[in-house]
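A short write-up of the structure that comes next.
The values are calculated or read from the model by the stated rules, or taken from the named source; none is laboratory data. Every value quoted in this text rests on a predicted model; they were computed, and no experiment measured them. Note that we place each Cβ from the backbone using ideal geometry, even for glycine, and neighbour counts take in every protein chain shown.
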Amino acid sequence: MKNQMLKSIKEMSIMNDSSLKNLIGIPERPPKFLRHILLGCTLPLSLVLLPHSALGHNPVRGSQTQNSIVLDPFSLYTTLAQVTINVPNGIDPTHNCAVIASANVFNNTGIDNGSLTEDSSVHRYHFGIGLDFIAIDPSSLRVVERRNQADVNDPDRWPVSTNRTFSLSPGNHTFYFLGGPETDLGESPAITVNRRALSVICSHDTGA
């Protein structure tokens, strides 16, 4: 009897994994082709079940330079910088973007229109942000007055900063940082922008 039991234990010890799994009720591993089919079915389902924000499209773009540019006295708008982003289609495609622009404005000549001793539009320059068109959005408008008055030590450098938020629909959108004289008659003294930057930070809006 003892020998018979030892023989049975030895036979069980050499059983292959498949027989042991069948013996205790563990199913066989699915064939490789079946595993691929299951993976192909479950992966798209998992993407659908994920919150759309988990697949968020949150672009951050920027443009900056130290190259000098002279504002054209015959044009209301000179493009100082521009940034283009793409908003893809989706379940909830709305994107909210914060746009920040800044520049260093420099009167490098010190020349003024001597015939104008009083404040006028000739001395004022506009800076701001435009979306998809070469035009300043009114809420982003900033105004700099540049006058070189006699016997007055007027500043010859001005920092300019502006910002604006936009809600965007799907498609390509271009943001412009613009500057120019208040009038385009050519009478405004030439001023230079020698540093400028434009930053666009967008976030996918889930509606939460």
Breaking point among (1) surrounded by fewer than 19 Cβ atoms within 10 Å (Cβ to Cβ); (2) modelled with pLDDT under 90; (3) under 30 Å from H95 (Cα atoms), for T183: (3)
When residues of region 193-208 are limited to those that are surrounded by fewer than 19 Cβ atoms within 10 Å (Cβ to Cβ) and either modelled with pLDDT of 90 or more or at positive phi (or both), the one nearest to the chain's Cα centre (by Cα): I201
Pick from region 69-93, criterion over 23 Å from D184 (Cα atoms) and crowded, with 16+ Cβ neighbours inside 10 Å, ranking: modelled with the highest pLDDT: V83
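Here is a yes/no grid of residues against (1) at pLDDT 80 or above; (2) over 16 Å from S203 (Cα atoms):
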position: H95; (1), (2): yes, no
position: I129; (1), (2): yes, yes
position: D132; (1), (2): yes, yes
position: I136; (1), (2): yes, yes
position: R147; (1), (2): no, yes
position: A150; (1), (2): no, yes
position: N153; (1), (2): no, yes
